[in-house]
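Heads up, the thing below is written out as structure tokens.
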Amino acid sequence: MKEFDLEIRVITFGSILTTKIFLEDSTNESNRVLDWDIHQDGYRFKKLEKYQIKDSNLDIFVACQGIEGGYVSCEVIINGKKMEKKIKAKPTDKIYAHEYYTINT
């Protein structure tokens, strides 16, 4: 079991109507990230302190709906360190954008 502090930041560009972000399993609705806070700089974020996963990889799935040309960018911060890999989803994507992050705690 791995435990760490997790922050997810979401920035939308263009006409995005809805965004869905899931942690670990995109087929389980209870893993959807909800109740976002809004930062003064305009992005939405969610902090999950002492988040736990069973293996070494944190999987994040992102999807959005909106008008073609828009997109969602998702940044991941683990234990205060911004990860290099961002996740980008477009309304025209037919599957969830997916990225995983190896946890070394």
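The values are calculated or read from the model by the stated rules, or taken from the named source; none is laboratory data. Every value quoted in this text rests on a predicted model; they were computed, and no experiment measured them. Don't worry about glycine lacking a Cβ; one is built from the backbone with ideal geometry, like all the others, and counts go over all protein chains shown. Surface areas here come from the heavy atoms of the whole protein model, side chains and all, with no ligands, DNA or RNA. Shrake-Rupley method; radii C 1.70, N 1.55, O 1.52, S 1.80 Å.
If you take the residues of segment 49-95 that are of a type in the set (A, V, I, L, M, F, W, C), surrounded by fewer than 17 Cβ atoms within 10 Å (Cβ to Cβ) and farther than 15 Å from LEU6 by Cα, which of them is nearest to the chain's Cα centre (by Cα)?
Checking each candidate, the answer is ILE95.
Which one is most open to solvent (accessible area, probe 1.4 Å), of the residues in segment 36-48 that are over 12 Å from VAL10 (Cβ atoms) and within 15 Å of the chain's Cα centre (by Cα)?
LYS47
Across segment 23-35, which residue is nearest to VAL76 (Cα to Cα) among those that are of a type outside the set (A, V, I, L, M) and under 11 Å from the mean Cα position of the chain (by Cα)? Give the derivation first.
As a first pass, look at segment 23-35 and keep what is of a type outside the set (A, V, I, L, M): 24-32, 35.
If we keep only those that are under 11 Å from the mean Cα position of the chain (by Cα) too, we end up with 24, 32.
Working: GLU24: 14, ARG32: 15 Å.
By that ranking, first place goes to GLU24.
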